[in-house]
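Report on the structure given below.
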């Protein structure tokens, strides 16, 4: 009878003993990182004539149409991640050289062509992501800044008219991507960012001695490949 009770007791004890604890997610993403990026951008730049100085010489306000600036970007980024279980939180600063440009014949003044060029682009963002081992999916958002140049020039019968201006323009960005750990220190990522610089009120000094006032509304879509080194 005792022998019959022993297996039953052992079975009952096995039922109440705790099993092995589940494995915690490996902390792969926390720490400082620095890296390089490169890719392309394509967007929209829409011009609207407002007025002239002296006022009224250019007629009433009028839409001049949009062009589609596009080109290449290349630069670097640095940041820091905090990892809690599978959640990854981070801050990042990115600075890129840019060769983004576009132009269109003005709809309101078809004797002129409008042109925009971006020489530099910066992003300052927060990130939140979800990690599955070496794979990280994330979204990001924050501020954006671009160094932009604008000009217009005569396109019909070589009219001797032109004007230009430039600015450092601030706006907002939102985006996301996925990153994969290649080794204990290196990772590669693909990222998309939407950059909205909003509407800029610009005054152009022209060769005719009359200032032209324009509203320029612009945004761009940026896709980059990235390579990061994470410090131990």
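Every number in this text was worked out from the coordinates using simple rules, so none of it is lab data. Note that the structure is predicted; figures quoted are calculated from it, not measured. Counting neighbours? That spans all protein chains shown, and the Cβs are built from the backbone with ideal geometry, glycine included.
Starting from the Cα coordinates of the chain, work out the convex hull volume and express it per residue in Å³. Spell out each step's value before the answer.
Values: hull volume 33.8 nm³, N = 232.
With only Cα atoms used, the chain gives 146 Å³ per residue.
Considering Cα pairs under 8 angstrom that are at least six residues apart, work out the relative contact order of region 25-230 and quote it in whole percent.
Values: 622 pairs, mean separation 47.1, N = 206.
Contact order relative to length: 23 percent.
Which ordering of 219, 201 is given by a fewest-first count of other beta-carbon atoms within 10 Å? Numbers along the way, then the final one.
On the way: 219 18, 201 9.
Taking fewest neighbouring Cβ atoms as first place, the list is 201, 219.
Whole number please: convex hull volume per residue of the Cα set in region 47-96, in Å³? It would help to have the intermediate numbers written out before the result.
Working: hull volume 9.9 nm³, N = 50.
Output value, Cα hull per residue: 199 Å³.
Go through 183-189, 74-80 and give me the packing order, highest mean Cβ count within 10 Å leading.
Values: 183-189: 14.1, 74-80: 17.0.
Top of the packing list down: 74-80, 183-189.
Evaluate region 33-140: find the radius of gyration of its Cα atoms, find its Kirkwood radius, and give the ratio Rg to Rh. Can you show the working numbers first?
Values: Rg = 20.7 Å, Rh = 17.1 Å.
Ratio of gyration radius to Kirkwood radius: 1.21.
If only Cα atoms are counted, what is the Rg of region 20-86, and what is its Dmax, in Å?
For region 20-86, the Cα radius of gyration and maximum Cα-Cα distance read 25.1, 83 Å.
Name the shape class, rounded, prolate or oblate, that the alpha-carbon gyration tensor gives for region 116-187, where a ≥ b ≥ c are the square roots of its eigenvalues, rounded holds for a/c under 1.5, and otherwise prolate holds if a/b is larger than b/c and oblate otherwise. Write out the running numbers ahead of the final one.
Details: a/c = 4.38, a/b = 3.19, b/c = 1.37.
Since a/c reaches 1.5 and a/b is larger than b/c, the shape of region 116-187 is classed as prolate.
Can you give the Rg/Rh ratio of region 152-232, where Rg is from the C-alpha atoms and Rh is the Kirkwood radius? Each step should come with its number before you reach the end.
Numbers: Rg = 21.0 Å, Rh = 16.5 Å.
So for region 152-232, dividing Rg by the Kirkwood Rh gives 1.27.
Would you mind checking the tilt of helix 2-16 against the longest principal axis of the Cα atoms of the chain, expressed as 0 to 90 degrees and rounded to 10?
10 degrees
Sorting 106, 45 on the 10 Å Cβ count, fewest up front, what's the list? Kindly include the intermediate steps, with their values, before the conclusion.
Details: 106 18, 45 28.
The order, fewest Cβ neighbours first, is 106, 45.
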